[in-house]
Structure formats: C-alpha cells, structure tokens
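Asks: Structure in structure tokens, see below.
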C-alpha cells in the first residue's frame, strides 16, 4: 500500500511538471501572424492606436507635409520649364497634368494608418517612373529575356524602325535607329544603364544626351569630349534613361506598360487608372505595329501618371523584397542588386532606388531604408526595419527628412506602445 502511494505521488508530480500534450501541440501549431497585403479594390484602414502608433504625432507629420508644400508651380509644364528651361531644346514633347494639394498615405504593417489630400487623384510622379522601368527590366532578367545584367546591351538590339507614316515623302531621310552602335555605346551593359553610369552618347526623340543638365558647359565641350569609361561616373540623365526604356521595349517586343500591368501592377492589386506615357514622337515599328517607347520620367512630359494608393502598393512590394502575398514578382537577386550601392554614387542603387548609405539622404532614418524619388517631390519611403511605407507627394526636397523623422516618432518603439499585429 505504501509503495502504491509513492507511485501515485510520482505520477502526480510528473504530470504537474510537464505541460499538457494538447497545450504544447496547440502552441507549436499556432500559425505566425501573416503580413497583410491589400486585395484589389480595397485597403484596410486601421486607427493608429490599434497598432500602437501615436495618432497625434502622425497628425503632426501630416501638418508638416502640408506646411512644406513644394514651392514649384502647380502647372507641371511651367514647373518643368523653370527647372530645365536653360537646357537647349527644352520644349516638352509629352503630356503634362497640373497637380493640386499635397497628398500622401502612411502604411504600417500593410495597413493604411493615415492619409491626407486626395490619395486617389492621378498625378505625374516624374522620376519615380524609373523604379517602374527598372522593375520591368528586372522581370526581363528573371524571365531569361536578358541573360545577365553584365551583358552588353548592343547584341540584344536590332536596327529599330521609327514609326513615321510620312517618311515615304522624304526617301533620303533615315528611319532607323541604332542606339547602341557607336564604339562607346557598344561597351555599355544593362547594369551601367540601370545605375546611370553609362555615359551613353547620342540623341533620342529629338533630345541630345549632352543637353540634359549640361551645367555651364557649351555644346562643343560635351560633344567633343572623351567619354567616361562605363561605370566610373554617375550622372542623372533622362535621355539615357529613355535609351534604356527603348532597349527594354525591344527585348520584350511589346509596350512596357503592358509588361508592367501583367507582371507587377495587376498582381499587386493596383487600380486600372495609372498610365505610363511617352513622347508624341517616340514611336517605333515593332512586329509590324506602331508601339510607343515610354519615357522614364516627366522631364519633357510623360512618365507614370498614378495615384498615391498604387504608389503605396508598389512600395509595399519592394518592402517585401519582391514578394506579394506569397507570390514572388521580382527575384531576391534582383532586389539585392537594386539595393547594392553604385560605386560612383553609393547613395544610388538601380534606378530609382535611392539608398540611405551613411545616413546621407535621410539622417533620421535607418541605414536600411530606401526611397523611390521623383521631382516634385514625389517619394515612396520604404523602411523594412519598421514595416513602414510612406507615400509623400508635393513636398519640398529639403523637408523629406523632417517628414520621415516625424513619422518615425509616432512608432510604438518611440512611444512605448504595443507592436502586436492584430488579427486580420
């Protein structure tokens, strides 16, 4: 009897010292919270407090954005003229649309936690277009249409016929383009084109490479100079960006807006209201059909016309390193290359991924943050460390860091709030 009591006591002690099997199994099988991705046509809004954010500080950030509205004219054609009017042959050749009040959205853990202005309004996004351009080049690499970014571009590009129905009236006028045929241009790789270190030479759509941001140099100084070795000098240049867009169009054998729609924008649930515009004279013949070669920005008009919500979705895609709701749209390798600093400008990756190397761009932001930036300023701030995306439109260039600083001050770790993600 005594031994029996000892045995029962042993069993009781053992059972108390171990968690129940059902509890242990349920704890082990409990799924981790999944990132939230907004489905097409809708986007969950959450009050800042439910996610541990300080709503008053977010409101201060919005006030800051409005108080620091861009001083440039709302008439975008006039604004571009003021920026680039000293350039030779600066006339616009693409569409412009006037902007209105500053607008934007703040996305935390996938949810919209704040917005201002008219986020659904379609505006020019200027050089944020370059990020969409690099994305379609990235898909071409992932699909094997471009074997390696270190390949030279020239072997991929046949002679290109310019679409000109009136060309027959002037039979002596050349209707073919050879954008990568000069001795220098034959050396250029996809990588240096993406990093704006190509020093591509030539004219495209009536715009000479030297005429884009020439500074105080005369045309003779540019046209007769020795070319920089590819990869050694960084220069922001929209003519060269447009040469990349033309090359990508040839590789895809279809209009780039269709590629972007099928491989990026539709999968991330973007609206059907965005448009990627080119110039009125930027038409080629492709497989017997007239196709517009789109521009990489709004310098002479055109580029992406898009609302803040669709910009936010693209930012969320890059936050998640090319993955959207379990589906990989851009390869991990492509994202790594996009975030790799360019030797000639360590604050720049692939176009238009501006990096926060050494905190130079945004002193208040983490080193891992990056920004898709366009004139205006239009910016998509992406902060993987804080699961944060912010679309800020029509703010002064020197106010970008102040805006980011105020948003970060509203985060839970700054306010002592909870970082628990609520159930979907």
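The values are calculated or read from the model by the stated rules, or taken from the named source; none is laboratory data. Here the structure is a predicted model, which means the values were calculated and not measured. Positions of Cβ are backbone-derived with ideal geometry, glycine not excepted, and every protein chain shown enters the neighbour counts.
Asks: Can you tell me which of 141, 136 is under 19 Å from residue 240 (Cα atoms), in contact with a helix residue (DSSP H, G or I) (Cβ under 9 Å, 6 or more places away or on another chain) and at pLDDT 95 or above?
Replies: Matching residue, one of 141, 136: 136.
Asks: Here's a follow-up. Determine which member of the set 99, 57 is outside any strand (DSSP E or B) and in contact with a strand residue (DSSP E or B) (Cβ under 8 Å, 6 or more places away or on another chain).
Replies: Numbers: 57 fails: in contact with a strand residue (DSSP E or B) (Cβ under 8 Å, 6 or more places away or on another chain).
Result: 99 is the single residue among 99, 57 that is outside any strand (DSSP E or B) and in contact with a strand residue (DSSP E or B) (Cβ under 8 Å, 6 or more places away or on another chain).
Asks: Out of the helices (runs of 4 or more DSSP H) lying entirely within the stretch 291-408, which hold 3 or more residues that are over 26 Å from residue 190 (Cα atoms) and free of Cβ contacts under 8 Å to residues at least 60 places away in the same chain? Please lay out each step first, then the result.
Replies: Values: elements: 308-319, 332-338, 400-408.
Where helices (runs of 4 or more DSSP H) fall fully within the stretch 291-408 and carry at least 3 residues being over 26 Å from residue 190 (Cα atoms) and free of Cβ contacts under 8 Å to residues at least 60 places away in the same chain, they are 400-408.
Asks: Within the stretch 122-144, is there a residue that is assigned to a loop (DSSP other than H, G, I, E, B), touching a residue at least 40 places away in the same chain (Cβ under 8 Å) and closer than 18 Å to residue 392 by Cβ?
Replies: Yes - at least one qualifying residue is present in the stretch 122-144.
Asks: If you don't mind, there's one more thing I want to ask. Name the single residue, out of those in the stretch 274-297 being touching a helix residue (DSSP H, G or I) at 6+ places or on another chain (Cβ under 7 Å) and under 30 Å from residue 111 (Cα atoms), that is modelled with the lowest pLDDT.
Replies: 297
Asks: Being modelled with pLDDT of 95 or more, more than 21 Å from residue 145 (Cβ to Cβ) and not assigned by TED's automatic domain parsing to the domain that holds residue 348: is that true of residue 232 here?
Replies: Yes: the conditions hold for residue 232.
Asks: A further question follows. Do the conditions hold for residue 256, that is, is it in contact with a strand residue (DSSP E or B) (Cβ under 6 Å, 6 or more places away or on another chain) and at pLDDT 95 or above?
Replies: Spelling it out, residue 256 is indeed in contact with a strand residue (DSSP E or B) (Cβ under 6 Å, 6 or more places away or on another chain) and at pLDDT 95 or above.
Asks: Another question, then. Do we find that residue 262 is buried (at least 17 other Cβ atoms within 10 Å of the Cβ) and either at pLDDT 95 or above or touching a helix residue (DSSP H, G or I) at 6+ places or on another chain (Cβ under 7 Å) (or both) in this structure?
Replies: Values: buried (at least 17 other Cβ atoms within 10 Å of the Cβ): no; either at pLDDT 95 or above or touching a helix residue (DSSP H, G or I) at 6+ places or on another chain (Cβ under 7 Å) (or both): yes.
Here the answer is no, as residue 262 does not meet what is asked.
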